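Read the structure below first, then the notes.
Nothing in this text is a laboratory measurement; each read-out follows from the coordinates by a stated rule. Keep in mind that this is a model prediction, so the values were computed, not measured. Virtual Cβ from ideal backbone geometry, glycine too; neighbours counted across all protein chains shown.
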Amino acid sequence: MNNLIRTVDLHKSYYDGAKELPVLKGIDIEIQKGEILAIIGASGVGKSTLLHLIGGLDRPTQGKVYYENQDIFDFNDRELDRFRNLGVGFVFQFHHLLPEFTAIENVALGALIAGRNAHDARADAGELLDYVGLSERLEHHPSELSGGERQRIAIARALINQPKVVLADEPTGNLDRKTSAAVLDLLWNLNDRFDQTFIIVTHNQALAQRADRLIHLVDGRVSNQVQVIDL
């Protein structure tokens, strides 16, 4: 496998007035192309913060994030926006779909923002929704869909621009066990089909045990480096 992402001495602090609140305290990890990496740890240890830094949603206090040897924080704001739109897909615990848009409109939106024409964006969105099992729900609004269906739409939306990596923050955290299992199967099928890299923050033990590798964060640091799961 090829190295896709590398973080170097990554720190992130927040401030309450003059008081520094360190969250990440020096994270050095490498993530390979095509792997599924799970990040686990207790609440408040910095899992979501790490994911946001890797995805360029926030800037580190110190350190670097490299994608294929390019430090993304060397980008200006416009370049970083484009990187987030084209290079990374995001899936969150709460799907964050736009309620006034239909399923196909929610998925197509990222392609439209990237500058693709409406016909092609809609066609690709329809194909993705068909792949995730929602071909009969294209014109439904989020309020008309189940939690699992909404999360499948969010996954399709994350894939619309064929990103090299998908970052998922507790993607099954708001779902029941049966629906959660179906979403996990979908993520692994997508990894097999498209060879996309998945980095998943989770408390779901079933998900963590299925991942190719597991990182355990403790007090803002990687504990025992990277654990390899023997599947």
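Structure notes:
- Reach of K25 by Cα under 18 Å, taken over lysines that are not fewer than 8 positions away in the same chain: K12, K47, K64
- Sorting the Cα pairs of the stretch 80-231 by distance into bins of 10 Å, from 0 upward, gives 11, 40, 34, 12, 3 percent per bin.
- Within the shell defined by Cβ-Cβ distances under 14 Å, the residues around T197 carry a net charge of -1, with Lys and Arg each +1 and Asp and Glu each -1.
- Most positive-pole-ward Cα, G133, I160, V222, against dipole of the chain from beta carbon charges: V222
- Residue order, fewest to most surrounding Cβ atoms within 10 angstrom, among S13, S146: S146, S13
- Rg/Rg_globular for the stretch 16-159, with Rg_globular taken as 2.2 N^0.38 Å and Rg from C-alpha atoms: 1.21
- The stretch 53-82 versus the stretch 149-192: alpha-carbon centroid distance in Å: 24
- Electrostatic bookkeeping for L80 treats Lys and Arg as +1 and Asp and Glu as -1; over the other residues with beta carbon under 13 Å from its beta carbon, the sum is -2.
- Summing charges over neighbours of S135, with a neighbour being any other residue whose Cβ is under 13 Å away from its Cβ, gives -3 when K and R count +1 and D and E count -1.
- A straight chain from L57 to V8 at 0.36 nm per residue would run longer than the Cα-Cα distance by 15.9 nm.
- Only helical runs count toward this figure. For the chain, summing -39,500 (n - 2.57) over DSSP H runs of n ≥ 4 and dividing by all residues gives -10500 deg cm²/dmol at 222 nm.
- Shape category assigned to the stretch 138-203 from the gyration tensor of Cα positions, a/c cut at 1.5: oblate
- This ranking places L138, L50 by how few other beta-carbon atoms lie within 10 Å of each, fewest first, which gives L138, L50.
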